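Working notes, beginning with the structure itself.
No lab work stands behind these numbers, since they all come straight from the coordinates. Source: prediction; values computed, not measured. Please note: Cβ atoms are built from the backbone with ideal geometry, for glycine as well, and neighbour counts cover all protein chains shown.
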Amino acid sequence: MNSPHEAGKIMPPMKERIIPALIKRALEIEENDSHILMRLYLAEESSERRKIYYEILRDSEYHKLMLKEGLECLNAEIPPITEIKDYNFEEMFIDQRLLTLKKIETMARDFYRDVLDDLDKNSLEKACGKETAEKLISIFKNLVKWEEKHIEMVDKLMAMD
């Protein structure tokens, strides 16, 4: 299985072959994030906070579209929605909710940064073409930036009375 030749076809190196699986994991992160944000939105009494939750939720939906486009570029299957973790936000105080959300947004940013650091443009170009390689790198660069923006938004939520 470690052979680059499988059924007479030259396969890209293992690292490039796992990219679709990593993108699928990123989709799971975003699906979980949107579910969490919707729960926070529904549990929130402040319209000002709800507006910020909505903006992050909307961005998460964009992230899912970006990741699905990445899978489509690789001719990979888009996975079904996975089970969502329940954080029981309704039972938490607001500072606990926001701390949990910040951890999730930070984890997402770190995951996207790790994937981006792992992508090698030259190897990707050889494995799936220049256009697809550039698209995938662009997707993950943008996701890192968006998650950094979300962390700042959660910090803003934490500073509200």
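Listing for the model above:
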read-out	value
Other-chain or far-sequence residues with amide H under 5 Å of Leu74's (modelled H)	none
Stretch gain in nm, segment Leu65-Glu131, where the contour uses 0.36 nm per residue and the Cα spacing is subtracted	22.0 nm
Phi to ³J(HN,Hα) by Karplus 6.51 cos²θ - 1.76 cosθ + 1.60 over segment 133-150, Hz, x for Gly, Pro	4, 5, 4, 5, 5, 4, 4, 6, 4, 5, 4, 4, 4, 5, 5, 4, 5, 5
Phi-based couplings in Hz for segment 103-109 (Karplus 6.51, -1.76, 1.60; Gly and Pro marked x)	4, 5, 5, 5, 4, 4, 4
Loop-resident sites, segment 53-161, for trypsin sites (Lys or Arg not before Pro), counting at most 15 other Cβ within 10 Å (DSSP)	Lys85
